[in-house]
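These notes are about the structure you will find just below.
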Amino acid sequence: MSTLPTVGHLIGGKLTQGGTRQADVFNPATGQAEKRVLLADKATVEQAIANAQAAFPAWRNTPPLKRARVMGNLKVLLEAHADQICAMITAEHGKVMSDAMGELQRGIENVEYASYVPELLKGEHSKNVGPAIDSWSEFQALGVTAGITPFNFPAMVPLWMWPMAVACGNCFILKPSERDPSSTLRIAELALEAGLPPGVLNVVNGDKEAVDTLLTHPLVKAISFVGSTPIAEYIYATGCAHGKRVQALGGAKNHAVVMPDADVANAVNALMGAAYGSCGERCMAIPLVVAVGDETADAVIAGLKIEIAKMKVGPGTDATSDMGPLVTKPHFEKVRGYVDQGVAEGATLLVDGRGVKVEGHEEGYFLGPCLFDNVKPGMTIYQEEIFGPVLGVVRVKTLQEAMDLIDAHEYGNGTCIFTRDGEAARYFTDNIQVGMVGVNVPLPVPVAYHSFGGWKRSLFGDLHAYGPDAARFYTKRKTITQRWPSAGVREGTMFSFPSSK
Ligand code: NAD
C-alpha cells in the first residue's frame, strides 16, 4: 500500500475521493513518485455532472456583475498564492519557477478578462423592426460545460476555459492532466474561497474513462479540449457525435522564418527562448528555423551555438537554471529517440544534449538542448511534433519556398518571421496558412482579450479559445421578437410571409 499523499477530486465544493484506480505523479527533476492521483470512474464523473446540473439554475440567474466579482476576487487570491501554485507546477511539470510564474500570470489575465463578462453578454437590440415590434438577441448560458487539459500548462490552460465559462453563467467540470494535477486543484479551491458557489466548478482527475463519460453524457453541452492532435480529433468526433459543441485544440510544429535582412542577434535571442524555454514543451514553441539563404543559416547557427553553450540545465527549483527536465520518463525517452532518428535520417547534429547529467539529480529526466542543421521536409524530425528541446534548421533559398513549406505542413498553430522588410512581413502575415503569426515576435500567443487558436490540424472546431470567442463558445444566442400593439389596434389575418416591404 502506497503511503504517498493522494490528489483527489473537487465535487460539489468538497474535496473527495472517487474511483479505485490511481496513478503515480512524479517529480521530473528527481524521477521519484511523490504523489498518487486518483483516477475518477464513470460514477464519480456522473456525480460531478449531477452537482453541476443542480448548481446551474441559481448560478445562471445570478446577475453577471456578481459572477464577475468572483473573478475579481479570484485574481487577488491567485496573486497572493502565486508562490505556492508555481512551486506545485515546478514539482510536477519540471519547468523553471520563472516560467511557471509567467504561465500563471497569463492565466490570471484570463481571469481578469472573464471579469468583464457583463460587457460581453450585453447582446444586441433593434427597435421597430416592424409595426410596434422590437427584436433582440441575448447570449444564454449552455448548462454543464467541460474542459480537458494537457500537462504542459496545468495552471494557464484550465484558466483559458472555466473562468469565462462560469462567468457566462455555466457550470463546469474540469478534467486536468493526470501528470501534474496539484496546481489545477489548488486553483479550484481558491475559486471556492473567492465566492464561487459549490458545484459551479468541479474538478475530476482521471484518464480516458473520465473523458469518455464527459464526451457521452447527455447533460454535458459543450467540451473544450487542449492536447495532442490524435486525441483532439477523437474528442471532436466523439463529442460532436453526441450532440455537443466542441472546440479541440491540438498539436503543432511551428516554423520561424529568418530573412537575410533580419537582425540576427535579436532573432537568435528570440529563438533561444522559443525553442528551449519550458524544455520545448509548449504548443507555441519553435522547433524549426527556416533560414532564407546559406549566409543567414550560417549566421543563425553560429549565434545559437554561442547561446546554447551558456545555457544551464537543472532543476526548476534552482533560480539559476534556464531549462528543467522533461515531464516524464516515457516522454524523455521519446524525445531522445527523435534525436537518434534525426541522426539516422541524415540531419547534422551540431549540439547533442543526450549526454547531459545534472549533479544530484541523476534520476531526473534531463535532456540538454539539441541543435540540428540540414533538416529536410521528408524527415521524421521535420514532420512530427517532438515536444522537447530539439531545434532544427532548414535551409531554403527564398521566402516563397519557406512559406510553401509552412503551408504544406499538417499543423498550422503558430509561426513567425524575422525581418526588417515591411513588405515581406506584410506578404507573410497576409498569406500564410497559420492561425497565430508573429513578426519579430517568436511566441505570438494572443493576449487574454484576443482569442487563441491554430489552423489546419491544430484546431478542430470553429471558435478559438479564450478572449471574445470564448464568450460566444460558452453561450448560445437566442433572438426574441416582441410586439406590444397599442390598445385597440388589431392586425388582419395575413397569409404571406412577414417582411418589411
Ligand atoms: P494529451 O493529448 O496526451 O492529453 C491531453 C488530455 O487528454 C489529458 O487530460 C489526458 O488525460 C487526456 N487523454 C489522453 N489520452 C486520452 C484518450 N485516449 N482518450 C481520452 N482522453 C485522453 O496531451 P499532453 O501530452 O497532455 O499535452 C501535450 C500536447 O498538447 C502537445 O501535442 C501540445 O502541442 C498540445 N497542446 C496544444 C495546445 C494548443 O493550444 N493548441 C496548448 C497546449 C498543449
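The values are calculated or read from the model by the stated rules, or taken from the named source; none is laboratory data. Treat the numbers as computed from the prediction; the structure is a model and nothing was measured. Virtual Cβ from ideal backbone geometry, glycine too; neighbours counted across all protein chains shown. When the accessible area is computed, the model is the full protein with side chains, heavy atoms only, and any ligands, DNA or RNA have been set aside. Shrake-Rupley method; radii C 1.70, N 1.55, O 1.52, S 1.80 Å.
Can you compute the charge dipole magnitude of the chain about its Cα centre, using +1 on each Lys and Arg Cβ and -1 on each Asp and Glu Cβ, nothing else charged? Give it in debye, rounded to the nearest 20.
With Lys and Arg at +1 and Asp and Glu at -1, about 2120 debye.
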**Prompt:** Quick one, what does Rg over Rh come out to for region 133-270 if you take C-alpha atoms and the Kirkwood Rh?
**Reply:** 1.10
**Asked** Each residue of region 412-427 in turn: what ³J(HN,Hα) in whole Hz from Karplus with 6.51, -1.76, 1.60 and θ = phi - 60°, glycine and Pro shown as x?
**Response** x, 6, x, 7, 7, 10, 10, 6, 10, 9, x, 5, 5, 4, 5, 4
**Complete:** Counting Lys and Arg as +1 and Asp and Glu as -1 over every other residue whose Cβ sits under 10 Å from the Cβ of Thr6, the net charge comes to +2
**Asked** Out of every Cα-Cα pair in region 323-482, what percent are more than 26 Å apart?
**Response** 45
**Request:** Using only the Cα atoms of region 424-501, construct the convex hull and provide its projected area averaged over every direction, in square nanometres to one decimal.
**Result:** 10.9
**Fill in**
Diffing region 166-177: the Karplus 3J(HN,Hα) column from phi (6.51, -1.76, 1.60, θ = phi - 60°), in whole Hz with x for Gly and Pro, holds 6, 4, 6, x, 8, 9, 9, 10, 9, 10, x, 5
**Prompt:** What is the sum of charges around Gly243, taking Lys and Arg as +1, Asp and Glu as -1, for the other residues whose C-beta is under 14 Å from the C-beta of Gly243?
**Reply:** +4
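Averaging sequence separations of C-alpha pairs under 8 Å and six or more residues apart, then dividing by the length of the chain, give the relative contact order as a whole percent. Could the numbers behind the result be given before it?
Numbers: 1173 pairs, mean separation 92.3, N = 501.
Computed over the chain, the figure is 18 percent.
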**Request:** Normalising by the residue count of region 90-169, find the relative contact order in percent from Cα pairs under 8 Å and 6+ residues apart.
**Result:** 37
**Request:** For helix 294-310, report the angle its Cα long axis makes with the longest principal axis of the Cα atoms of the chain; keep it between 0 and 90° and round to the nearest 10°.
**Result:** 90
**Prompt:** Where the Cα atoms of region 232-379 are projected onto their three principal axes, how long is each span, largest first, in whole Å?
**Reply:** 53, 44, 32
**Prompt:** Radius of gyration and Dmax for region 356-420's Cα atoms, expressed in Å?
**Reply:** 15.5, 49
**Violating pairs (Cα-Cα greater than 21 angstrom) within the set Lys253/Lys456; Lys208/Lys476; Lys14/Lys208; Lys35/Lys175; Lys175/Lys208** = Lys208/Lys476; Lys14/Lys208
**Item:** Accessible area expressed per residue, the chain, with surrounding protein chains retained (probe 1.4 Å, Å²)
**Value:** 42
**Asked** Based solely on its DSSP helices, what 222 nm [θ] is calculated for the chain when runs of n ≥ 4 H residues each add -39,500 (n - 2.57) and the sum is averaged over all residues, nearest 500 deg cm²/dmol?
**Response** -12000 deg cm²/dmol
**Request:** Using a cut-off of 13 Å between beta-carbons, work out the net charge of the residues near Ala302 (Lys and Arg +1, Asp and Glu -1, Ala302 not included).
**Result:** -4
**Request:** Mind listing the long-range amide H neighbours of Ile417? Cut-off is under 5 Å, sequence gap 5 or more, other chains count too, H placed in the peptide plane at 1.01 Å from N.
**Result:** Val257, Gly438, Val439, Asn440, Val441
**Asked** Any idea what angle helix 182-193 forms with the longest principal axis of the chain, computed on alpha-carbon atoms, 0 to 90 degrees, nearest 10?
**Response** 30
**Request:** Would you mind giving the average projected area, over all directions, of the Cα convex hull of the chain in nm² with one decimal?
**Result:** 27.8
**Prompt:** So, with a 1.4 angstrom probe, what is the percent of accessible area on region 255-439 that is carbon and sulfur?
**Reply:** 49
